[in-house]
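Below: one structure, written as structure tokens.
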Amino acid sequence: MITEVKNIVEPTFMEQKKEANKERRALLIRRIWANKLVMVGGAIIFLIGLVALISPVITQFTPYDLEATNRLKPPSATHWFGTDNFGRDIFSRVVYGARVSLTVGLSVALITGFLGLFIGMYSSYYRTLDHVLMRIADGLMAFPSILLAIAIMAVMGPKPINVVIAIAIVETPIVARVVRSTALVVKEQTYIEAAKAQGASSLRIIWQHIAPNVMTPLIVQITYVFSVSMIIEAALSFLGAGIPVPEPSWGNILFDGKSVIQTAWWMTVFPGLFLLLAVLGSNLLGDGIRDLLDPHSNKAKK
């Protein structure tokens, strides 16, 4: 008799759980569609990423083709964004440069997200470790981001992987401090004290009880790091310390165009516009995600 009742109750409970999960997913999808910031920002990043992905298909020229007879040609049906001072097609260089910027931004965001979460969580839980890690973070944050990145690149050399490493070193302390500040608040909650009283290990408390509660500010901070990384990469390339030529980058395209900005405006306008749109889209997406994940946000409740 007990077995029969159990067989009846269990399927009913599982069906209710599946139905509740389905309703939560439907509600989340409706909230995402209703959030204009997420939709606009996501659409901008998606379109730029799509253009970067299919760049070999939509471009007639490679970013390295030199045509001395077509130097500094204005936008036309053949060269949509004009040509640079070496006769290279600006459109090809801009869309291939989008690959570099998005790859750098995404790589740095993932690296700093992982390292920032790891450092922030352990520094918030262990006081001795906190003094060591946070003093290192304070030392790194004492320097302006771009100057520290230039110094690191001067030591390591101008290579794409070194650009990612340099920017990750610059941005990780910021992410770690955001995670740490949130984790310190969560650590003082009653249910954490209850978990300790029940004999839960430090590892379990850190990753099963505290970590899930710092994900919202971490995700928002990662979107900020994504946009800042693209700006820093462009700045490093503009200064000659980033992506080495002739590899296309929005920064080194802007550097090539600065000397002819009055006669060949297209060399600076188009890469600058793409950089502006990428950063704008990332920031809008981050603001929208914050509104979705923040339970105290009025927009999240709509």
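What follows is calculated from the coordinates using simple rules that are stated; it is not laboratory data. These numbers were taken from a predicted model, which means no experiment stands behind them. Counting neighbours? That spans all protein chains shown, and the Cβs are built from the backbone with ideal geometry, glycine included.
I'd like to compare 42-52, 104-114: which one has the highest average count of other Cβ atoms within 10 Å, and what's the full order after that? It would help to have the intermediate numbers written out before the result.
On the way: 42-52: 16.5, 104-114: 21.6.
Listed from highest to lowest mean packing, they are 104-114, 42-52.
Please work out how much length the chain gains when fully extended from Val132 to Ser202, using 0.36 nm per residue of separation minus the C-alpha to C-alpha distance, in nm with one decimal. Could you put the intermediate results ahead of the total?
Details: separation 70, 0.36 × 70 = 25.20 nm, distance 1.93 nm.
Value of the extension gain: 23.3 nm.
For the chain, rounded, prolate or oblate, judged on the Cα gyration tensor with a ≥ b ≥ c (square roots of eigenvalues), a/c < 1.5 rounded, else prolate if a/b > b/c?
oblate
Rounded to the nearest 0.05, what FRET efficiency do Leu184 and Ala142 give with R0 = 25 Å and r taken as the Cβ-Cβ distance? Could you check? Present the calculation step by step, with values, prior to reporting the outcome.
Working: r = 22 Å, r/R0 = 0.87.
Taking R0 as 25 Å, the efficiency between Leu184 and Ala142 is 0.70.
Using alpha-carbon positions, what is the distance between the centroids of the range 60-115 and the range 118-160, in Å?
Here the answer is 32 Å between Cα centres.
Using a cut-off of 13 Å between beta-carbons, work out the net charge of the residues near Val95 (Lys and Arg +1, Asp and Glu -1, Val95 not included).
+2
Apply the Karplus curve 6.51 cos²θ - 1.76 cosθ + 1.60, θ = phi - 60°, to the phi angles in the range 221-228 and return the couplings in whole Hz, x for Gly and Pro.
5, 5, 5, 5, 4, 4, 6, 5
What distance in nm separates the simple spin-label points at Glu23 and Leu293, each placed 7 Å from Cα in the Cβ direction?
2.6
Enumerate lysine pairs in the range 32-301 that are 8 or more residues apart or on different chains, then count those whose Cα atoms are under 24 Å apart. Before the final figure, lay out the partial values.
Details: Lys36/Lys299; Lys36/Lys301; Lys73/Lys258; Lys159/Lys258; Lys187/Lys196.
The result is 5.
Determine the relative contact order of the chain: mean sequence separation of Cα pairs under 8 Å and six or more apart, normalised by residue count, in whole percent. If you can, show how the numbers build up before the last one.
Values: 412 pairs, mean separation 74.7, N = 302.
Value for the chain: 25 percent.
Net charge near Ser123: determine it from the other residues with C-beta under 14 Å of the C-beta of Ser123, scoring Lys and Arg +1 and Asp and Glu -1. Kindly include the intermediate steps, with their values, before the conclusion.
Details: positive: Arg127, Arg135, Arg177, Arg180, Lys187; negative: Asp130, Asp138.
Here the charged neighbours net out to +3.
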